[in-house]
Amino acid sequence: LGLTWASPIRDMALMGYLALKMDDVLTSGRVLQNVAKQFRPNHWYSTQETAMSLLLIGNYYEKVAVPGNQITFKLQIGSEPAQALTLTAPQTTIPLENAWGKDVTLTTDEASPIFLALYEEGIPLDDRIKTEYNGIELKRNFYSEEGLPIDAFVIDQGTPFWIGFNVRSVNRMTLENVALSCVLPAGWEIMNLRLTGEAPPDWVKRNNVTTGDYMDIRDDRVNWFFDLNTNQGGMNFAIKINPTFKGQYRLPPVSVETMYSPEYFARIAASQVTVK
């Protein structure tokens, strides 16, 4: 794991991108066709493979004119009269706010095919991510500022606390390029000790809490990137939280995984929290 980021798809996409930079559009187009054939639905691809492929696709269609410009088609929503539309770019977006519960029909007399994708935005009613692990064990605990275990699922406003994570390699294998991602509820504020200059409590230091190789602190989440060693006790991470706003919130799932190998992961399902 982690010795190289190369793969046939990634290297092929990079070759196509470089050919495009040298104005060899013909070679780039042939490579793009081969890259497209390699992708299969519901298959895992590394960040390198996905990034390089998208880089090739985006730059290719930005540089090369789309064949068959001025493609005309008709869009009908329910029993309303059909709208005559013209596609003058590689893609377009058509809002369908008033189409709920109605049939949407798209027709064209053009020889060139038109591909239609329907997207819905909103908050899912159910959580599809379950608590599970494979090769990596992930534990999450909540602590008071004194280091005592607490129930942070119901907590008073303005009462700072700590979230602790323990990540362990189940088979005691060294796993490289591991990413731990913790997204937080809207009512919880991350207390960035880098900015405040506050020193962690002694109990945090005693637990050998680490920041990994890189700790990325954002407004609503913290990401850690590290190599997971064979230590039986695993690695410990921690962040300080201030429950700022009263209300009920959704605590998003927590995940840890090897970035370039799909078989090593651990997840903690979402839950509900209350700030009172």
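Points worth noting:
- Residues of the range 136-157 satisfying the condition of being within 27 Å of the chain's Cα centre (by Cα) and assigned to a loop (DSSP other than H, G, I, E, B): A152, F153
- The set of residues in the range 12-65 that are over 27 Å from the mean Cα position of the chain (by Cα) and at positive phi contains only D23.
- Criterion (buried (at least 16 other Cβ atoms within 10 Å of the Cβ) and not hydroxyl-bearing (S, T, Y)) met by exactly one of A199, A179, A186: A179
- The residues of the range 140-164 that are in contact with a Lys or Arg (Cβ under 9 Å, 6 or more places away or on another chain) and within 15 Å of P252 (Cα to Cα) amount to a single one, I163.
- Residue that is nearest to F226 (Cα to Cα), among those in the range 158-186 that are part of a loop (DSSP other than H, G, I, E, B) and of a type in the set (S, T, N, Q): T174
- Residues in the range 161-177 that are hydrophobic (A, V, I, L, M, F, W, C) and modelled with pLDDT of 95 or more: F161, W162, I163, F165, V167.
- Among the conditions (1) in contact (Cβ under 8 Å) with a residue 24 or more places away in the chain; (2) not in a strand (DSSP E or B), A89 misses just one, which is (1).
- Residues that are of a type in the set (G, A, S) and either closer than 16 Å to N208 by Cα or modelled with pLDDT of 95 or more (or both), drawn from the range 121-157: S144, G147
- Answer from I150, I71, I136 - the residue that is outside the structural domain of E198 (by TED's automatic domain parsing) and either surrounded by 14 or more Cβ atoms within 10 Å (Cβ to Cβ) or in contact with a helix residue (DSSP H, G or I) (Cβ under 6 Å, 6 or more places away or on another chain) (or both): I71
- Residue list for the range 235-258, restricted to those being part of a loop (DSSP other than H, G, I, E, B) and either touching an Asp or Glu at 6+ places or on another chain (Cβ under 6 Å) or surrounded by fewer than 17 Cβ atoms within 10 Å (Cβ to Cβ) (or both): T244, F245, K246
- Residue within the range 106-114 that is over 31 Å from the mean Cα position of the chain (by Cα), outside any loop (DSSP other than H, G, I, E, B) and surrounded by 13 or more Cβ atoms within 10 Å (Cβ to Cβ) present: yes
- Residue match in the range 266-274 (condition: touching a helix residue (DSSP H, G or I) at 6+ places or on another chain (Cβ under 7 Å) and among the charged types (D, E, K, R)): no
- Of all the numbered requirements in (1) over 21 Å from T92 (Cα atoms); (2) touching a helix residue (DSSP H, G or I) at 6+ places or on another chain (Cβ under 6 Å); (3) assigned to a helix (DSSP H, G or I), N59 misses one, and that requirement is (1).
- Yes/no for Q232 being over 17 Å from F165 (Cα atoms) and surrounded by fewer than 15 Cβ atoms within 10 Å (Cβ to Cβ): no
- Residue within the range 18-28 that is at pLDDT below 90, loosely packed, with under 11 Cβ neighbours inside 10 Å and not assigned by TED's automatic domain parsing to the domain that holds N177 present: yes
- Residue ID - nearest to L175 (Cα to Cα), chosen from residues in the range 215-233 that are β-branched (V, I, T) and part of a strand (DSSP E or B): V222
- Taken as a whole, the structure leaves P200 outside the set of residues that are modelled with pLDDT of 95 or more and more than 30 Å from W44 (Cβ to Cβ).
The values are calculated or read from the model by the stated rules, or taken from the named source; none is laboratory data. The shown structure was predicted, so the numbers you read here are calculated from the model rather than taken from an experiment. As a convention, Cβ positions derive from the backbone with ideal geometry for all residues, glycine included, and neighbour counts pool all protein chains shown.
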